[in-house]
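Written below as structure tokens is the structure these notes are about.
Values in this text are rule-based calculations from the coordinates and carry no lab data. Worth saying up front: this structure is predicted, and the values here are computed from it rather than measured. Using ideal geometry, Cβ is built from the backbone for each residue, glycine included, and neighbour counts are taken over all protein chains shown.
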Ligand code: AMP
């Protein structure tokens, strides 16, 4: 499967230090930072440092160490932001992909949203 990666996307620029971000967590293979236009009290984006377009790209082609690091980074962000089920009231994790998923930035990211009740997952017809 061919996943074309555009290294001029905004998250690639963040990873190269070309534009600023508000970092929440950095690990060997992952970076978490605050969404520039938060849609909830907690809105953090978690990205792998590797050049992956989407979650399926990452899941199919990333190495084991990257996958473990990324998964644990997501857990750590949830803990740090106080939205885990053990210490908080939950969250929603979203990863948009491609045109139908309405993905704006073509570098894999999961949105961690929380801090308030988020409503149903999809708006009718949305
Ligand atoms: P998506 O539609 O899933 O690709 O979402 C992209 C997200 O990136 C949106 O929620 C934007 O608000 C966010 N975003 C765009 N540029 C930046 C930036 N420079 N720093 C942080 N978040 C950004």
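Report the full-extension gain for the segment residue 8 to residue 60: residue separation times 0.36 nm, less the Cα-Cα distance, to one decimal in nm.
Numbers: separation 52, 0.36 × 52 = 18.72 nm, distance 2.26 nm.
Using 0.36 nm per residue and subtracting the Cα-Cα distance, I get 16.5 nm.
Report the equivalent ellipsoid semi-axes for the chain in whole Å, largest first, defined as the square roots of five times the eigenvalues of the gyration tensor built from alpha carbon atoms.
Sorted largest first and rounded, they come to 22, 18, 15 Å.
Over the chain, what is the relative contact order in whole percent, taking alpha-carbon pairs under 8 Å and six or more residues apart?
Value for the chain: 29 percent.
Starting from the Cα of residue 94, move 7 Å in the Cα-to-Cβ direction to define the label point; list residues of region 55-81 whose amide nitrogen is under 14 Å from there.
The answer is none, because no backbone nitrogen lies closer than 14 Å to the label point.
Divide by every residue of the chain the summed helix terms, -39500 (n - 2.57) for each DSSP H run of at least 4, and state the resulting mean residue ellipticity at 222 nm, rounded to the nearest 500 deg cm²/dmol.
Computed ellipticity for the chain at 222 nm equals -7500 deg cm²/dmol.
Going by Cα centres, region 5-33 and region 80-116 are how many Å apart?
16
Does anyone have the angle between helix 64-81 and the longest principal axis of the chain? Alpha-carbon axes, 0 to 90°, nearest 10?
So the helix axis and the longest Cα principal axis differ by about 30 degrees.
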